[in-house]
Amino acid sequence: MIRMRTLKPALPVLAGLLLAGSALPAQTPTFTTTRAPLAPRKYHDLPLGAIRPQGWLRKQLQVMRDGPTGHLDEYYPKIKNDNGWLGGPGDGWEETPYWLDGALPLAWLLDDAGLKEKVKKYVDWSLDHQRPNGFFGPLTKAERTKGKMESCADGEDWWPRMVMLKVLQQYYTATGDKRVIPFMTHYFHYQLASLKTCPLGKWTEWATARGGDNLMSVYWLYNQTGDKALLELAGLLSEQTTPWTQYFGGRNWAIMAAVNQTGAKWMDRHAVNVGMGLKLPVEQYQGKKDPALLNAFRTGFSDLMTLHGLPHGMFSGDEDLHGNEPTQGVELCAIVETMFSLEEAIGITGEVEYMDALERMTYNAMPTQSTEDYVSRQYFQIANQVQVTRGVFDFSLPFQEGMTNVFGPYAGYTCCTANMHQGWTKFANHLWYATADGGLAALEYAPNTLKVSLSGGREVTIEERTNYPFEETVSFRINGQKAAAFSLSLRIPGWCREATVLLNGSRLRSDRGGQVITLNRTWKPGDELTLQLPAEVKTSNWARNSRTLERGPLVYALKIEAEVSKKEHPKEGTYFEYRPKSNWNYGLPKKVIENPVAGTQVEMKPIRDDTFVWNEANAPVIIRTVGKKIPAWQVVEGVARQPVTTREGVYLGEVEQKEEPLTFIPYGCTKLRIVAFPVVK
């Protein structure tokens, strides 16, 4: 065992910025820079609580608070009954930390005292029941039988503790609780002393596949304390984690995953593991400073989306990676984990492509996979989803119960019941980042209010007023008692040809899309900065030469009227099926594809702050166009398999010549839809 020493938090301050908020204790951590020898981050996370969502995003979070995110512990038996993370004999694995990983940030994003109190009891139990050797979490089988841990072999799976460490990091940035830093230090010293005899894979392969999350927390703590032992631990974790960096950089992995659906190395194709594994090369880059690691991430992500990407911005995974056909499934857990990996990659690399990718999957793939009350969700969604029923369809994991595509609180595996909550909450907390020069960077857009203090204690509040992603304008009103000099960086999305920036109504500059611009100036109270992002309808090309309508950050899908049936499953409880009441088997005329601006009409609807936007009835944008019916395109074995459009650009089968009006809404607002269309003459 290595000798433990007490470490005082040594927080390097990011020049010029402190968290504002009188309710927080004096020891609240400031924004932290990177300690040598780690590579400097391009952007730094803001402490939890600095950002307060507003408008439609606040409504989304309120629905979650009033639904399962705020109450899962009250009705979900696995978390409710004798919870292991409160000392009981119940759930001691991943689902309680999964839930907390979304519920805890939600409590501070909404500044909800009741939810803070609820989640804090789990944090307190973990912090107050750390073992003398540094281990933490639910009591192990050995502890219950022998009354103590005699060695690391008496411990249990490393994996769920990785999730709880993320919870504790967020809690610390929100509260500055003095217990967290020595707690994590003690645990990581225990882990360093134990990994050689009790490696990551001792209990399950999940810890091996997801060791990048462990590495992330180690580097986070190193930046707080400078404890050199953590660098040694980081090396061990890298050695014992699935070699995602080698896979992503080597390229054969993504190709083989597209064709291999056997049991061989299936954990290396598991979409959730892949989503988590994406962060490994950028985390390793912090320690090694080798540009080849960033290139491996860049190459791997590009290959992944090329071979397995779908129009909504996420790669297939049902549960294995499964190619780019729009009838393949996508697991909800995979979406939220990939989002978080991209949020990490953005902070470390600063590359705009990952900001655009995060935006696309957040505003398209994620909202569609849960019901309006957030209680029910799909385990697997389908891009071209013309019915939602029981069945095995084209999935690589055809559960015998056939419940993976229906909406229900527990349908399919229940990991998503607990893990889905981190998606919106972590995205909301990554709308803004801090920059190394003490400035601020708005890298994702949604309505919110940011409150920080600059050096000298001058408070600045920035109100971000927008209905993005549905509208094209983002306005920033800068409030404070005095003028303040700081840099303000803004992402110009890659989908935007040219953006215009206005200051107090006057044109300041124009910039092409696909970059981050920085404005260095002294900002006066009441200054209003407006970012105009003109969006026009365009099309993109997907599997089998199909085409998708896009406008700005959103992809659009055919609105299909649905008949909803509520049913009961003897094992998995209540679930909902959706069956189509309107036609869906259309092709888009070639004239629309060649000139989508002229071939479509865009209609905007007003958005009220108290309106939930992600459903068919409230969809804020409608695109109208025409289509022609393809009689042979029918549901076969529960799936609307894609007709082939030839290399000449058209479907050559029978097509009805009558044009019919079609209504498209944002993909994220749909339950039934077609998003990838054959092209017809």
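The values are calculated or read from the model by the stated rules, or taken from the named source; none is laboratory data. This one's a predicted model, so the numbers in the text were calculated from it and none came from an experiment. Heads up, the Cβs are rebuilt from the backbone with ideal geometry, glycines too, and the neighbour counts pull from every protein chain shown.
A few points about this structure:
- Looking across region 286-304 at every residue that is among the basic types (K, R) and part of a helix (DSSP H, G or I), the one that is farthest from M256 (Cα to Cα) is identified as K288.
- Hits in region 454-500 - residues which are farther than 18 Å from Y433 by Cα, of a type in the set (A, V, I, L, M) and out of contact with any Leu (no Cβ under 7 Å at 6 or more places or on another chain): A483
- Neighbours by Cβ (under 7 Å, 6+ apart or cross-chain): first from region 358-372, on the phi < 0 side of the Ramachandran plot; second of a type in the set (S, T, N, Q) and crowded, with 24+ Cβ neighbours inside 10 Å: M361/T338; T368/Q381; T368/T670; Q369/Q378; Q369/Q381
- Yes/no for G438 being at pLDDT below 95, more than 21 Å from Q54 (Cα to Cα) and touching a strand residue (DSSP E or B) at 6+ places or on another chain (Cβ under 7 Å): yes
- Only a single item in (1) more than 27 Å from M604 (Cβ to Cβ); (2) crowded, with 21+ Cβ neighbours inside 10 Å; (3) not hydroxyl-bearing (S, T, Y) is not met by E444, and it is number (1).
- Conditions (1) over 26 Å from T473 (Cβ atoms); (2) among the aromatic types (F, W, Y); (3) part of a helix (DSSP H, G or I); number of the one not met by Y363: (1)
- So T539, is it surrounded by 14 or more Cβ atoms within 10 Å (Cβ to Cβ), touching a residue at least 12 places away in the same chain (Cβ under 8 Å) and either among the hydroxyl-bearing types (S, T, Y) or not in a strand (DSSP E or B) (or both): yes
- Taking every residue in region 621-633 that is under 18 Å from T670 (Cβ atoms) and pairing it with any residue that is part of a loop (DSSP other than H, G, I, E, B), at least 6 positions away or on another chain, the pairs with Cβ-Cβ distances below 6 Å are V621/F470; I623/T600; T625/G599; T625/T600.
- In the set (1) closer than 16 Å to Q422 by Cα; (2) assigned to a loop (DSSP other than H, G, I, E, B); (3) assigned by TED's automatic domain parsing to the domain that holds T173, the condition left unmet by L48 is number (3).
- Between R624, R544, R579, the distinction of being closer than 21 Å to N364 by Cβ and either among the hydrophobic types (A, V, I, L, M, F, W, C) or in a strand (DSSP E or B) (or both) belongs to R624 only.
- Restricting the search to helices (runs of 4 or more DSSP H) fully inside region 101-185 and requiring at least 3 residues that are closer than 26 Å to R52 by Cα and under 21 Å from the mean Cα position of the chain (by Cα) gives 159-175.
- Test set (1) free of Cβ contacts under 8 Å to residues at least 24 places away in the same chain; (2) touching a Pro at 6+ places or on another chain (Cβ under 7 Å) - R507 fails condition number: (2)
- Checklist (1) crowded, with 20+ Cβ neighbours inside 10 Å; (2) within 22 Å of S217 (Cβ to Cβ); (3) touching a Leu at 6+ places or on another chain (Cβ under 8 Å) applied to W125, failing item: (1)
- Any hit, region 618-631, residues being at pLDDT below 95 and surrounded by fewer than 12 Cβ atoms within 10 Å (Cβ to Cβ): no
- Whenever a residue of region 577-590 is farther than 16 Å from F664 by Cβ, its partners that are part of a strand (DSSP E or B), lying with C-beta atoms within less than 6 angstrom and at least six residues away or across chains, give the pairs E577/V388; E577/S565; Y578/V388; Y578/A562; Y578/V564; R579/E563; K581/E563; K590/V679.
- When restricted to residues that are surrounded by 19 or more Cβ atoms within 10 Å (Cβ to Cβ), of a type in the set (S, T, N, Q) and either over 25 Å from Y410 (Cα atoms) or without any contact (Cβ under 8 Å) to a residue 12 or more places away in the chain (or both), region 287-332 contains 1.
- Taking the criterion of being in a helix (DSSP H, G or I) and farther than 19 Å from A207 by Cβ, the residues of region 233-252 that qualify are F248, G249, G250, N252.
- Cβ-Cβ under 9 Å pairs, at least 6 apart or on other chains, region 189-216 side closer than 26 Å to D45 by Cα and part of a helix (DSSP H, G or I), far side modelled with pLDDT under 95 and of a type outside the set (D, E, K, R): H189/M1; H189/I2; H189/M4
- Filtered residue count, region 589-616, keeping only those that are loosely packed, with under 13 Cβ neighbours inside 10 Å, within 25 Å of the chain's Cα centre (by Cα) and among the polar types (S, T, N, Q): 0
- Condition met for Q642 (part of a loop (DSSP other than H, G, I, E, B) and crowded, with 20+ Cβ neighbours inside 10 Å): yes
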